[in-house]
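Novice: Have a look at this one.
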Amino acid sequence: MSDGLKITAGERLLLWRKRKRWTQLRAAKHYGVGADIFRAWETGERAEDVPKVSDLGRISEVEKYILFRTRAGLTQKQLADRIKCSRVWVVMMETGRVPLDRARNYWGA
């Protein structure tokens, strides 16, 4: 883990999916469940039967900011509004295609 960041099973599943660049629907199909169940796994609403994923290794700075956003309960659009940019810009930050400066400034990290 990075910086002693404790990651839940649902967050581990989220990062695994993001690394594969899969949608929740594709990941749900992979596990043979509906998208609603997969979403509940990622958000921690259904923590009892979250599938285990292999060790993620080092958590990147981008992934850390994804966790900050999801832990704050913010959608990409809500974060975009707060940091005065478009949702597309947040998507690009979360996929490493643009600098993380706005996220760093917002989260104070």
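Just so you know, all these numbers are worked out from the coordinates, no wet-lab data involved. Here the structure is a predicted model, which is why all the values come from computation and not from measurement. As a convention, Cβ positions derive from the backbone with ideal geometry for all residues, glycine included, and neighbour counts pool all protein chains shown.
Novice: Kindly provide the helix-only [θ] at 222 nm of the chain, computed as the sum of -39,500 (n - 2.57) over DSSP H runs of four or more divided by all residues, to the nearest 500 deg cm²/dmol?
Specialist: Counting only the DSSP helices, I get -16500 deg cm²/dmol.
Novice: Treating only the Cβ of Lys, Arg, Asp and Glu as charged (+1, +1, -1, -1), what charge dipole size does the chain show about its Cα centre? Round to the nearest 20 debye. Present the calculation step by step, with values, prior to reporting the outcome.
Specialist: Working: 23 positive and 13 negative charges, 79 e Å.
That gives the chain a dipole magnitude of about 380 debye.
Novice: Positive end of the dipole of the chain, charges at C-beta (+1 Lys, Arg; -1 Asp, Glu), about the Cα centre: which of V90, G108, L74 has its Cα farthest in that direction?
Specialist: V90
Novice: Further, regarding this structure: Out of [x] 16.5, 45; [y] 25.2, 77; [z] 14.0, 40, which label holds the value of Rg and Dmax of the Cα atoms in Å that was computed here?
Specialist: Matching entry in [x] 16.5, 45; [y] 25.2, 77; [z] 14.0, 40: [z].
Novice: In the structure displayed, which of K29/K84; K18/K52; K6/K84; K20/K84 lie more than 26 Å apart, Cα to Cα? Spell out each step's value before the answer.
Specialist: Details: K29/K84 35 Å; K18/K52 15 Å; K6/K84 29 Å; K20/K84 28 Å.
Where the Cα-Cα span goes over 26 Å, the pairs concerned are K29/K84; K6/K84; K20/K84.
Novice: Which GluC sites (Glu not before Pro) in the stretch 4-95 pass both tests, a DSSP loop state and at most 14 other beta-carbon atoms within 10 Å? Before the final figure, lay out the partial values.
Specialist: Values: sites: E11, E42, E45, E48, E61, E63, E94; in loops: E45, E48.
When the GluC sites (Glu not before Pro) of the stretch 4-95 are filtered for loop state and at most 14 Cβ neighbours within 10 Å, E45, E48 remain.
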